[in-house]
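All remarks here apply to the structure that follows.
The values are calculated or read from the model by the stated rules, or taken from the named source; none is laboratory data. Treat the numbers as computed from the prediction; the structure is a model and nothing was measured. Please note: Cβ atoms are built from the backbone with ideal geometry, for glycine as well, and neighbour counts cover all protein chains shown. The protein model used for the area step is the full one, side chains on, heavy atoms only, and it has no ligands, DNA or RNA in it. Shrake-Rupley method; radii C 1.70, N 1.55, O 1.52, S 1.80 Å.
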Amino acid sequence: MAHAFDTLQERFADLQLLRYEVPGFAQLPLRQKLLVYYLSEAALLGRDILWDQNCQFGLQLREALETIYTHYDGPDDNADWQAFKVYMKRVWFSNGIHHHYSYQKFQPGFSKEWFVERLQTSTKRLSTNWSAKTDEGLQNPLSIVRCPLSTIVELIFNPEVMPKRVNQADGEDLLLTSACNYYAQGITQAEAEAFYADLKSKADANRPPMLGLNSRLERKEDGSLCENVWRIGGLYGNALERICDMLGKARQYAENDRQRLVIDKLTEFYETGDLKTFDEYAILWVQDTEGEIDFTNGFTEVYGDPLGLKASWEGYVNIIDHDATRRTKALSDNAQWFENHSPVDERFKKKQCRGVSAKVISAAMLGGDFYPSSAIGINLPNSDWIRAEHGSKSVTIANLTHAYNLAAKGSGMREEFVIDEKTKQLLDLYGDVCDELHTDLHECLGHGSGQLLPGVDADALKAYGSTIEEARADLFGLYYIADPKLVELGLTPNSEAYKAQYYSYLLNGLLTQMVRIEEGHQIEEAHMRNRALISRWVLEHYPEALHITRKDGKHYVLVTDYPLLRKAFGELLAEVQRIKSEGDYEAARHLVENYGIKLDTMLHKEIRERYRKLNLAPYKGFVNPKYELIKDAEGNIMDVSISYDEAYDEQMLHYSQEYRTL
Ligand code: ZN
């Protein structure tokens with residue numbers, strides 16, 4: 001059934017909120033709808049964990065801001081109020097006071113006096129309402145007393161206090177200078193590294209657990225360090241208990257025994273916090289490939305920890321997209337062929353590429369670190385030995401990509417930044433299909449390819465590890481998207497199409513991704529560092545293939561030799577794989593520091609100005625659909641409805657109320 005679906009939701013600051021549609025949900029049998037429903041509830045219940053992980057005062061701060069937001073009764077055109085609304089929406093988007101991508105603290109556009117006055121009037125009103133509400137057993141909404149008002153004020157208004165969520169500046173103490181809440185205040189980087197080096201020396205070297213993954217590192221009274229583990233009965237216990245509750249309900253509707261085992265193991269992990277159990281769970285999860293509905297729920301990605309050990313909480317639920325999955329299956333069925341033909345040294349290749357399962361899915365719910373800003377491709381688990389022995393599951397999320405593409409149509413980006421009409425036509429023809437294919441290659445094959453040499457520590461690249469790993473997967477995709485094998489498999493329409501991906505990738509890496517970074521700042525985020533690294537390395541090493549040129553006073557990317565670019569990507573892939581396989585920290589540092597971080601001030605300024613004129617939002621995120629149980633008069637569940645009309649602020653307030661766990 002064709003119908004208009006309004007993708008655009010709301011636009012403010014550097015953000016745009018989109019809606020995504022969940023195709024096929026309405027046609028699912030009730031049993032599967034209920035599975036999606038309860039898994040979605042579990043995905044939403046971890047939200048507070050992430051807020052606390054991002055900043056130790058995050059939850060109190062959210063409460064203070066929301067109190068003002070919901071109780072404001074002054075004129076709407078008040079300048080402080082207008083600025084406050086934008087600030088509130090940005091904080092929601094970032095799950096905290098630091099930008100979700102640059103990690104810099106937001107600058108409030110409203111005055112301190114206005115804020116304090118509003119907070120005091122709003123909380124006063126709340127306390128009056130409060131006495132009437134206590135009987136209903138609601139939680140005291142004034143838990144901000146747990147953290148004094150002065151702390152909240154300092155946090156919002158003093159730019160010196162917690163200026164950055166994740167600091168990765170070479171040479172600084174990354175823990176003392178990062179605001180994230182994974183390490184108690186005062187613990188130095190050297191102390192934490194020594195603590196985990198010691199744990200690692202005692203752990204199984206062949207099948208190392210993900211040490212540090214699920215705990216906050218704290219200091220005991222005697223000064224020594226210890227882990228406060230995130231588990232039921234421990235830190236975040238209340239949230240995890242409620243998640244397990246929903247997982248238990250979802251279990252009744254599991255599609256098969258394996259999925260039931262996955263849920264049981266995950267519950268056991270949340271109960272015990274035992275990292276061995278976590279690995280067992282990850283293995284079961286990798287093996288669960290038969291169902292149509294799948295989910296991730298837990299402590300997963302480590303980008304938010306400057307040391308790359310501690311995982312933020314995320315949850316999502318998805319439904320398989322059968323048609324598009326045929327595309328990724330063609331890749332994974334040929335995984336060994338791609339591994340064998342890659343330009344990396346034989347010693348670093350996997351002799352047996354195991355079960356790179358690849359699916360195209362539709363997101364049905366986004367939660368935790370997946371919301372509202374979401375990835376469009378995921379490859380898990382992150383444990384290197386599990387990937388080597390059991391493979392990994394890889395997904396590309398078609399309905400989110402579709403929403404992005406719809407939003408991008410007519411944005412004017414291509415008209416402004418692509419060098420000539422011929423290249424623009426190339427992008428119009430092949431841009432979307434090649435972009436999806438590159439994501440598939442990155443996720444299905446790239447991350448799963450290659451192996452560490454025996455005895456090499458998976459964390460040897462330390463703070464540079466994430467960037468190098470993303471570069472490896474991207475380069476694998478860039479190298480192969482130009483391979484005749486893809487035409488043969490029917491994945492690219494012809495031997496020219498890859499050029500669209502080469503051009504748009506390099507344009508992004510060299511110029512347009514800069515629009516996301518404020519002037520005076522450098523590149524921080526691992527994926528962005530990786531794109532800059534690859535593009536600028538090629539620019540320096542292959543001047544006969546790639547240039548930045550000036551036309552009418554503006555800079556453009558000019559490609560003069562596409563086949564030679566493929567050679568360049570292959571050469572860099574071989575080197576990046578060597579760095580990873582050998583754990584060559586110095587080489588990783590050199591690559592990232594030289595090519596991945598610094599911006600040319602004048603060029604940055606020019607690109608930002610050209611972009612500003614287009615009046616677009618550089619970052620996008622999603623508003624979730626809403627599922628509701630439909631019951632008959634006796635209370636029997638008859639159906640699960642899906643609706644898309646919740647507004648962004650409505651959804652955020654709804655989540656703060658309904659899924660409040662900490
Ligand atoms: Zn990746």
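The table that follows gives values for the structure above.
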read-out: Cross-link pairs 202/351; 112/554; 85/631; 33/620 - those with Cα-Cα distance over 32 Å; value: 112/554; 85/631
read-out: Note, ³J(HN,Hα) from phi for the stretch 635-640, Karplus 6.51, -1.76, 1.60, rounded to Hz, x at Gly and Pro; value: x, 6, 6, 9, 6, 10
read-out: Distant alpha-carbon pairs in the stretch 443-494 (separation over 14 angstrom), percent; value: 62
read-out: Taking the chain and dividing mean pair separation by its residue count, relative contact order in percent (alpha carbons under 8 Å, at least six apart); value: 18
read-out: Estimated vicinal HN-Hα couplings, Hz - the stretch 195-202 in sequence order (Karplus 6.51, -1.76, 1.60; Gly, Pro = x); value: 4, 7, 5, 5, 4, 5, 5, 9
read-out: Kirkwood Rh, Cα atoms: Rg over Rh of the stretch 521-662; value: 1.20
read-out: Largest-first ellipsoid semi-axes for the chain, taking √(5λ) over the Cα gyration tensor eigenvalues, angstrom; value: 37, 30, 28
read-out: Under the Debye formula (equal points on every Cα, no solvent term), log10 I(q)/I(0) of the stretch 408-567 at q = 0.10, 0.15, 0.19 Å⁻¹; value: -0.39, -0.87, -1.34
read-out: Computed over the stretch 237-303: relative contact order in percent, which uses C-alpha pairs under 8 Å that are six or more apart; value: 30
read-out: Linear extension gain, residue 424 paired with residue 11, 0.36 nm per residue minus alpha-carbon span; value: 146.0 nm
read-out: Positive-end residue of 546, 391, 596, charge dipole of the chain with Cβ unit charges; value: 546
read-out: Volume of the Cα convex hull of the stretch 282-342, divided per residue and given in Å³; value: 143
read-out: Cβ-defined net charge surrounding residue 265, 12 Å radius [Lys, Arg +1; Asp, Glu -1]; value: -3
read-out: Solvent-accessible area of residue 420 with every protein chain in place, 1.4 Å probe, in Å² to the nearest 10; value: 60
read-out: For residue 174, distant residues with modelled amide H under 5 Å away; value: 189
read-out: Theoretical FRET efficiency, 1/(1+(r/R0)^6), r = Cβ-Cβ of residue 169 and residue 552, R0 25 Å, to 0.05; value: 0.10
read-out: Karplus-derived HN-Hα couplings along the stretch 66-73 (A = 6.51, B = -1.76, C = 1.60, θ = phi - 60°), whole Hz, x at Gly and Pro; value: 5, 4, 5, 4, 8, 10, 5, 10
read-out: Extent along principal axes [Cα atoms of the stretch 17-95; Å; largest to smallest]; value: 50, 31, 19
read-out: Local electrostatic count, residue 602, Cβ distance below 15 Å [Lys/Arg +1, Asp/Glu -1]; value: +2
read-out: Residue 612-residue 117 pseudo-label distance in nm [points 7 Å out on the Cα-to-Cβ vector]; value: 3.1
read-out: Check: the chain dipole with +1 on Lys, Arg Cβ and -1 on Asp, Glu Cβ, in debye; value: 600
read-out: Relative contact order of the stretch 3-129, defined on C-alpha pairs under 8 angstrom at six or more residues apart (%); value: 20
read-out: Overall dimensions of the stretch 180-300 by Cα: Rg and Dmax, Å; value: 16.5, 52
read-out: Positive minus negative residues near residue 280 (Lys, Arg vs Asp, Glu; Cβ under 14 Å); value: -4
read-out: Eligible lysines near residue 485 by straight Cα distance, threshold 18 Å, same-chain separation 8 or greater; value: 329, 499, 567
read-out: Distance between the stretch 627-662 and the stretch 398-452 - C-alpha centres, whole angstrom; value: 34
read-out: Over 23 Å [Cα-Cα, the stretch 516-603], rounded percent; value: 30
read-out: Those aspartates and glutamates that a straight Cα-Cα span of less than 12 Å connects to residue 89, excepting residues fewer than 8 apart in one chain; value: 10, 14, 66, 649, 650
read-out: Heavy-atom accessible area order for 580, 249, 626, largest first, 1.4 Å probe; value: 249, 626, 580
read-out: Normalised per residue, the volume of the convex hull around the Cα set of the stretch 246-294 (Å³); value: 61
